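As structure tokens, the structure follows; a few thoughts come after it.
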Amino acid sequence: MKGVGAQTFRAQIFKPRTDPDSFQGLGLAGLPILALLKRETGLLLITEVLDPRDIEKVCDYCDILQIGSRSMQNFPLLIEAGKTGKPVMLKRGMGATIQDYLSAAKYITNQGNQRLILCERGIVTFEGYTRNTLDINGLMALKDISGFPVFIDPSHGTGRREMVVRAALAGIAAGADGVMVEVHYDPDSSLVDAKQTISSEQFSELMEKGRSVAEAIGRSM
Ligand code: PEP
Ligand code: MN
């Protein structure tokens, strides 16, 4: 993935799962693995935090903190993440309006931390064919009014492997500043979210086509 242009490695030791009986991640026991990933790949590392009490420990191992959709309005978590001064990627709550989202983001920036990345990851609608509905309108609105970089997550935004590359390209065309995708060398054997996980080949395709789309709108990747 690095070879075709990936810049940041995302790996999570804390998984916010809807069902408490499903795999919760390795927890702090996974920290040495994060350190190894960073060392071996030389890529920036982003990882999710769920609990303000873990932030300090996790900060020693990552470059960017991720706050997930389910935690978007966990205000004590946002405040503690803001205080670290590290870049924070705050994902949009699946049921949050743009206004709710920007208000939540202020809990981070009010700590004097302007190193914020927003991420549109799909919202819940009446539609069940896709896991979520990727809100391209929302992405454009955030680009227009927030002043912060806005990423797109077509993996959670669609929940369907066959749509991920096309949804990513739509996001790039609409002005996304970054794309976050879930990739596995053998997607069907992925322990989490296998249905939305793309292969290395699909990732290469995304990077290649993404470059053309970015160029078409006067940007580069
Ligand atoms: C994730 O990024 O793996 C994740 C759980 O996403 P979200 O918080 O958007 O559901
Ligand atoms: Mn996931």
Practice task
Using Cα pairs closer than 8 Å and at least 6 residues apart in sequence, work out the relative contact order for the chain, in percent.
Solution key: 12 percent
Handout entry: Sequence-distant aspartates and glutamates (8 or more away, or on other chains) whose Cα lies within less than 12 Å of K143
Key = E120, D177
Exercise for the section: Any chance you could run the full-extension gain for L43 through R219? It's 0.36 nm times the residue separation minus the Cα-Cα distance, nm to one decimal. Expected result: 61.1 nm
Exercise for the section: Based on the mean of other Cβ atoms within 10 Å per residue, sort peptides 127-134, 195-202 so the most packed one is first. Expected result: 195-202, 127-134
Handout entry: Highest average packing first - 184-193, 28-37, Cβ atoms within 10 Å
Key = 28-37, 184-193
Problem - GNM result for the chain, Cα springs below 10 Å: residue of R211, R160, R121 fluctuating most strongly - result: R211
Exercise for the section: Might you work out the accessible area of M221 for me, using a 1.4 Å probe with all protein chains in place, and round it to the nearest 10 Å²? Expected result: 90 Å²
Problem - Charge dipole (the stretch 1-104, unit charges on Cβ, about Cα centre) - positive-most of A6, G82, G95 - result: A6
Completion exercise
With R₀ set to 30 angstrom, the calculated FRET efficiency between the beta-carbons of Q99 and A35, to the nearest 0.05, is 0.20
Practice task
Subtracting the Cα-Cα distance from 0.36 nm times the residue separation, let me have the gained length for E56 to T8 in nm, one decimal.
Solution key: 15.2 nm
Problem - Residue-level accessible surface for K106, protein heavy atoms, 1.4 Å, Å² - result: 120 Å²
Exercise for the section: Name the shape class, rounded, prolate or oblate, that the alpha-carbon gyration tensor gives for the stretch 12-87, where a ≥ b ≥ c are the square roots of its eigenvalues, rounded holds for a/c under 1.5, and otherwise prolate holds if a/b is larger than b/c and oblate otherwise. Expected result: oblate
Fill in the blank from the handout: Between the alpha carbon centres of the stretch 153-211 and the stretch 121-148 the gap in Å comes to 16 Å
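Under a 1.4 angstrom probe, counting protein chains only, how are K86, K143 ranked by accessible area, largest first?
Ranking K86, K143 by accessible area, largest first, yields K143, K86.
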Problem - Alpha carbon Rg of the stretch 175-221, scaled by the compact-globule rule 2.2 N^0.38 Å - result: 1.33
Handout entry: Charge dipole magnitude, Cβ of K and R +1, D and E -1 - the stretch 48-126, Cα centre, debye nearest 20
Key = 180 debye
Practice task
Just the ratio, please: alpha-carbon radius of gyration of the stretch 26-182 over 2.2 N^0.38 Å, N its number of residues.
Solution key: 1.02
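Could you rank E182, E120, E208 by how accessible they are, 1.4 Å probe, largest area first?
Reading off the accessible areas and sorting them downward yields E208, E182, E120.
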Completion exercise
Length-normalised contact order of the stretch 131-221, Cα under 8 Å, at least 6 apart, in percent, tallies to 26 percent
Problem - Å³ per residue enclosed by the Cα convex hull of the stretch 129-221 - result: 91 Å³
Handout entry: Simple spin-label estimate for R211 and F23 in nanometres, 7 Å along Cα-Cβ
Key = 3.3 nm
Problem - the chain - charge dipole about Cα centre, Lys and Arg +1 at Cβ, Asp and Glu -1, debye rounded to 20 - result: 360 debye
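The values are calculated or read from the model by the stated rules, or taken from the named source; none is laboratory data. Bear in mind the structure is a predicted one, so any value in this text is a computation, not a measurement. We place every Cβ from the backbone using ideal geometry, glycine too, and count neighbours over all the protein chains shown. Note: accessible area is taken over every heavy atom of the protein model, side chains too, but ligands, DNA and RNA are not part of it. Shrake-Rupley method; radii C 1.70, N 1.55, O 1.52, S 1.80 Å.
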